[in-house]
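None of the figures in this text is laboratory data; all of them are computed from the coordinates on show. The structure presented is a predicted model; accordingly, all values stated were derived computationally and were not measured. A quick note on method: Cβ atoms are made from the backbone with ideal geometry, for glycine too, and the neighbour counts reach across all protein chains shown.
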Amino acid sequence: MNIQERIRLLAEKTSLERMLASLPESSVIDRMSLEARKAQVDEALASVTAPAREPARARLTFRGKPIVENHGIFAEFGAKAINAFADAVAAIGASRTTALGTRGALPNREEYQLLITGTALGSFGFELEEAPKEETLFAGPSLVDHAIEQTLRIMEASLGTDDELTEAIADADPRAVEALRGFLKMLGDQEAVCALEFKKEVFSFKDVVQVRRSEGRLNQDNIHQEDKSLSGQFLGVLPKRRAFEFQVEESEEIIMGKVGPLIEDAGNIKQVLDTPITITVHTKRAGTGRPKYTLISYENPKETED
């Protein structure tokens with residue numbers, strides 16, 4: 001049984017229970033028929049375990065010029081805003097596992113589909129939910145969950161320090177950051193602000209000035225990236241966490257960072273600990289923040305000698 005089938009059966013069970021509750025006592029034959037069908041539905045649902053987790057849910061609301069109090073939202077703005085937000089979430093999610101091209105379709109875009117399940121009460125916006133996956137009932141850790149959470153973290157950090165923003169975008173591909181910047185630019189151009197509620201956390205922009213400031217800080221002109229070669233020695237590595245520590249020979253500075261995906265087995269670094277070596281790292285920083293390092297490659301002296 002896949003998720004969609006289970007959802008259908010749960011809906012049918014609810015409908016049957018309502019029909020039985022409203023059925024007169026005199027409708028004996030109809031009651032027997034409905035109870036027989038409900039027993040079949042209950043048996044089908046009992047044959048499988050409930051999903052391991054609830055789908056990821058978020059609440060995205062808006063204020064500003066395109067919103068008419070609590071009555072409504074201009075359709076053109078609403079459609080563009082939701083599409084831009086969904087694209088940003090998908091790009092941020094996809095960039096966690098693969099490098100994104102500068103153009104073309106996002107890899108595994110279907111994994112990040114969002115449903116609009118209702119309108120938000122008390123303000124105007126939308127209730128969003130992770131789209132169910134057809135292929136399996138017992139979904140593992142949610143990719144959408146991670147993607148929405150990182151989107152919220154980046155928006156929070158865009159109003160924080162350069163170090164906080166550097167940390168938040170460290171694992172995000174430039175195209176993903178640009179997608180989120182595009183969402184914020186669209187808000188600013190329309191003189192609107194948003195609030196994002198996820199897992200009982202709420203982030204909101206106070207005014208359009210904050211939106212435009214965040215959009216500017218996510219501009220690629222404010223995000224500095226480069227690859228560089230460093231000579232020194234590895235001081236340590238955590239293979240499971242894919243983290244390394246390296247002392248730069250020239251400055252004696254100790255840097256820490258992540259082992260990039262191009263290095264399949266981070267545990268092999270243990271073979272060259274405390275050995276003079278040259279590594280290539282990718283550095284990223286926002287504004288004047290401290291750089292974050294990702295190890296791209298390293299020269300193994302033992303392999304060179306062989």
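Pull up the cross-link candidates among the lysines for residue 200, meaning alpha carbon to alpha carbon under 19 Å and not fewer than 8 places away within one chain.
none
Would you mind calculating the relative contact order of the chain from Cα pairs under 8 angstrom and at least 6 residues apart, reporting the percent as a whole number?
17
Please give the charge dipole size of segment 57-218, origin at the Cα centre, charges +1 on K and R Cβ atoms and -1 on D and E Cβ atoms. Round to the nearest 20 debye. Show your work: numbers first, answer last.
Working: 19 positive and 26 negative charges, 75 e Å.
Using only the charged Cβ atoms, the result is roughly 360 debye.
Hey, which aspartates and glutamates would be in cross-link range of residue 240, C-alpha to C-alpha under 14 Å, not counting anything within fewer than 8 residues on its own chain?
264, 265
Lys and Arg at +1, Asp and Glu at -1: add these up for the other residues within a Cβ distance under 15 Å of residue 37 and post the number. Don't skip to the end; give the middle numbers.
Details: positive: 8, 13, 18, 31, 38; negative: 12, 17, 30, 35, 42, 43.
The answer is -1.
If r is the Cβ-Cβ distance from residue 247 to residue 219 and R0 is 35 Å, what FRET efficiency results, to the nearest 0.05?
Details: r = 34 Å, r/R0 = 0.97.
About 0.55, to the nearest 0.05.
Determine which lysines satisfy two conditions relative to residue 185: a Cα distance under 25 Å, and not lying fewer than 8 residues away in the same chain.
Within the straight-line cut-off, residue 185 pairs with 65, 80, 206, 284.
So if I place +1 on the C-beta of Lys and Arg and -1 on the C-beta of Asp and Glu, and nothing else carries charge, what would the dipole magnitude of segment 224-301 be about its Cα centre? I want it in debye, nearest 20.
Its charge dipole is roughly 520 debye.
So how tilted is helix 28-46 from the main axis of the chain? Cα-based, degrees 0 to 90, rounded to 10.
With both axes taken from Cα atoms, the answer is about 20 degrees.
Can you classify the chain as rounded, prolate or oblate using the Cα gyration tensor, where a ≥ b ≥ c are the square roots of its eigenvalues, rounded means a/c under 1.5, and otherwise it's prolate if a/b beats b/c and oblate if not?
Numbers: a/c = 3.55, a/b = 1.64, b/c = 2.17.
Oblate.
Please compute the modelled spin-label separation between residue 47 and residue 116, points set 7 Å along Cα→Cβ, answer in nm with one decimal.
Output for this residue pair reads 3.7 nm.
Hey, with R₀ at 30 Å, roughly what FRET efficiency would residue 189 and residue 108 work out to, going by the Cβ-Cβ distance, to 0.05? All intermediate terms of the calculation are to be shown ahead of the outcome.
Details: r = 30 Å, r/R0 = 1.00.
With a Förster radius of 30 Å, E is 0.50.
Given 219, 120, 152, which one lies farthest toward the positive end of the charge dipole of the chain, if we put +1 on the Cβ of every Lys and Arg and -1 on the Cβ of every Asp and Glu?
Of the candidates, 120 comes out farthest on the positive side.
With +1 on each Lys and Arg Cβ and -1 on each Asp and Glu Cβ, and nothing else charged, work out how big the dipole of the chain is about its Cα centre, in Debye to the nearest 20. Let's see the in-between values first.
Numbers: 38 positive and 50 negative charges, 174 e Å.
Taking the Cα centre of the chain as origin, the dipole is about 840 debye.
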